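Working notes, structure below.
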Protein chains: 2
Amino acid sequence: MSRTIKVLLAEDQSMVREALAALLGLEEDIEVVAQVARGDAVLSAARDHGVDVALLDIEMPGATGIEAAAELHRELPALKVVVLTTFGRPGYLRSAMEAGADAFLVKDAPASQLAEAIRKVLAGERVIDPSLAAAALADGANPLTDREREVLRAAADGSTNAELAAALHLSQGTVRNYLSTAIQKLAVRNRAEAVRIAREKGWL
Amino acid sequence: MSRTIKVLLAEDQSMVREALAALLGLEEDIEVVAQVARGDAVLSAARDHGVDVALLDIEMPGATGIEAAAELHRELPALKVVVLTTFGRPGYLRSAMEAGADAFLVKDAPASQLAEAIRKVLAGERVIDPSLAAAALADGANPLTDREREVLRAAADGSTNAELAAALHLSQGTVRNYLSTAIQKLAVRNRAEAVRIAREKGWL
DNA sequence: CCCGCCGTATGACATCTGTCATGCAGGATC
DNA sequence: GATCCTGCATGACAGATGTCATACGGCGGG
């Protein structure tokens, strides 16, 4: 028989993290051997505990789960990565896959899928929600350039053009040009809508 | 000896809900007897299962945890209510308390506080994070009028003045007046910032 | 009864935003 | 080397947004 599966859990909300640990603790063949609350603590914890599978939330301080996934994939290629997120944003799925994730789960899927996904990735399978995959393909790739994304992200909090220009070391006109092209690419009417749509797609 | 504490769990993300159930299941004196995923399913589930404590997430479809709390407080006054939320927004705390909640927990508190809070509210105590309470008091009450809130909420998705006017059956000028006063009350420069601040405070 | 606030509305004004044409430098591609 | 794309910039213009003064009816408090 095989030994238990060693899992690393990365999730910033303690209550959710410990609850997930309790859930996985109910499984006989799974053992949560490490828990971290920050994206930038993932790699060393995975190394220190000889982990088989890393379960990563996306929204975390320090580094996102996607960034952590890429790092793990580079440094510990044998390690399997499951990305777990609140938001089923097509762009997140795409980035997670590009970062080398083996599974992508949303938190409103039934709890049973979590242990199941862990076993499947260890067996070499990939696990992704088919409808999300379809949405990701339908949306296509992120149409925004780096600069456009950067400006849009900075504009998300309601900053004015002048503030954006100062913060990004650009001229005010350039800021407006970037926002204008972003607005057109996203087929919306103003920056607020552009921010909303880009967020929904996971393109920010 | 006393019988086990019967708990109702209301949280829309299945994985989180079931994980919390697993967590509470580890406690000898606590039993999760019902789980619901919608705010408008809380009351009848609580009635049907003779629940002692209801654990309510705020963000849920159907009705918010706050609305559900108010309903429970009205219909089943003996029932204790614990509000559990991702966002430690002062305005949420205030509304939860006004709705008759007995405890207010944020999901990034340690998991141990959950069972502890359940026992405390049953003992007649109230449980709230002191720093959040301080923030709620410091912020004061929501300064926005009903209409201002309504317009701001509608403006949050990037709608233009004309769209807002049509949607709310107001003149465009009136919409601008409301947004203008909201902007001034929140001491910000434009509607986008106003939306952000109002959200952060839990005033939307 | 009067005052003040809320909801609603208008008009005028200043500023901010979004669009477009145009320009230039650097890197990639052919 | 010519061409194209990207990043950056400018100026001009139209339209959206924010401010302010003003107005009126209703409602609640003093």
> (1) touching a helix residue (DSSP H, G or I) at 6+ places or on another chain (Cβ under 9 Å); (2) more than 14 Å from A:Gln13 (Cβ to Cβ): which one isn't true of B:Leu114, the others all being true?
Replying inline: (2)
> Between a first residue in the range A:168-190 that is among the basic types (Lys, Arg) and a second residue that is more than 9 Å from DNA strand C (Cβ to nearest atom) and open to solvent by less than 40 Å² (accessible area, probe 1.4 Å), which pairs have beta carbons less than 8 Å apart while being 6 or more apart in sequence or on different chains?
Replying inline: A:Lys185/A:Leu144; A:Lys185/A:Glu148
> Could you say whether any residue in the range A:8-22 is open to solvent by 50 Å² or more (accessible area, probe 1.4 Å), at pLDDT 95 or above and away from chain B (no Cβ under 14 Å)?
Replying inline: no
> Out of B:Ala45, B:Ala78, B:Ala54, which single residue is under 16 Å from B:Leu122 (Cβ atoms), surrounded by fewer than 23 Cβ atoms within 10 Å (Cβ to Cβ), small (Gly, Ala, Ser) and away from chain A (no Cβ under 14 Å)?
Replying inline: B:Ala78
> in contact (Cβ under 8 Å) with a residue 24 or more places away in the chain, in a helix (DSSP H, G or I) and of a type in the set (Ser, Thr, Tyr) - does that describe any residue in the range B:64-76?
Replying inline: no
> From the set of residues in the range A:23-32 that are in contact (Cβ under 8 Å) with a residue 40 or more places away in the chain and part of a loop (DSSP other than H, G, I, E, B), which is farthest from the other protein chains (Cβ to nearest Cβ)?
Replying inline: A:Asp29
> Which one of B:Gly173, B:Gly202 is small (Gly, Ala, Ser), away from chain A (no Cβ under 14 Å) and under 20 Å from the mean Cα position of the chain (by Cα)?
Replying inline: B:Gly202
> If you check every pair at least six apart or on different chains, which have Cβ atoms under 7 Å apart with a residue in the range B:33-61 that is at pLDDT below 95 first and a residue that is in a strand (DSSP E or B) second?
Replying inline: B:Gly50/B:Lys6
> Quick one: would you say B:Gly100 is more than 14 Å from every other protein chain (Cβ to nearest Cβ), touching a residue at least 24 places away in the same chain (Cβ under 8 Å) and assigned to a helix (DSSP H, G or I)?
Replying inline: no
>> Looking for something away from every other protein chain (no Cβ under 14 Å), in contact (Cβ under 8 Å) with a residue 40 or more places away in the chain and part of a helix (DSSP H, G or I) - is there at least one such residue anywhere in the range B:143-164?
In response: yes
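To keep it simple, each residue is scored yes or no on (1) of a type in the set (Gly, Ala, Ser); (2) over 21 Å from A:Val16 (Cα atoms); (3) at pLDDT 95 or above.
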residue	(1), (2), (3)
B:Leu93	no, no, no
B:Glu98	no, yes, no
B:Ala109	yes, no, no
B:Leu114	no, no, yes
B:Arg119	no, no, yes
B:Leu122	no, yes, yes
B:Asp129	no, no, no
B:Leu132	no, no, no
B:Leu137	no, yes, no
>> With the requirement that a residue be over 23 Å from the mean Cα position of the chain (by Cα) and under 22 Å from B:Arg94 (Cβ atoms), what does the range B:185-199 give you?
In response: B:Lys185, B:Ala187, B:Val188
> Out of the residues in the range A:59-74 that are more than 14 Å from every other protein chain (Cβ to nearest Cβ) and under 18 Å from A:Val7 (Cβ atoms), which is surrounded by the fewest Cβ atoms within 10 Å (Cβ to Cβ)?
Replying inline: A:His73
> Out of all the residues in the range A:183-204, which are open to solvent by less than 20 Å² (accessible area, probe 1.4 Å) and within 8 Å of DNA strand C (Cβ to nearest atom)?
Replying inline: A:Ala194
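Rundown of residues vs (1) under 17 Å from B:Pro90 (Cβ atoms); (2) surrounded by 14 or more Cβ atoms within 10 Å (Cβ to Cβ); (3) more than 12 Å from DNA strand D (Cβ to nearest atom), yes/no style:
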{"site": "B:Ala133", "(1), (2), (3)": "yes, yes, yes"}
{"site": "B:Ala136", "(1), (2), (3)": "yes, yes, yes"}
{"site": "B:Asp139", "(1), (2), (3)": "yes, yes, yes"}
{"site": "B:Leu144", "(1), (2), (3)": "yes, yes, yes"}
{"site": "B:Arg149", "(1), (2), (3)": "yes, yes, yes"}
{"site": "B:Ser159", "(1), (2), (3)": "no, yes, no"}
{"site": "B:Ala165", "(1), (2), (3)": "no, yes, no"}
{"site": "B:Leu168", "(1), (2), (3)": "no, yes, yes"}
{"site": "B:Gln172", "(1), (2), (3)": "no, yes, no"}
> Out of the range A:1-22, which residues are assigned to a helix (DSSP H, G or I) and farther than 25 Å from A:Ala78 by Cα?
Replying inline: A:Ser14, A:Met15, A:Val16, A:Glu18, A:Ala19, A:Ala22
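The values are calculated or read from the model by the stated rules, or taken from the named source; none is laboratory data. Small disclaimer: the values here were computed from a predicted structure and weren't measured. Virtual Cβ from ideal backbone geometry, glycine too; neighbours counted across all protein chains shown. Heavy atoms of the whole protein, side chains included, go into the accessibility calculation; ligands, DNA and RNA do not. Shrake-Rupley method; radii C 1.70, N 1.55, O 1.52, S 1.80 Å.
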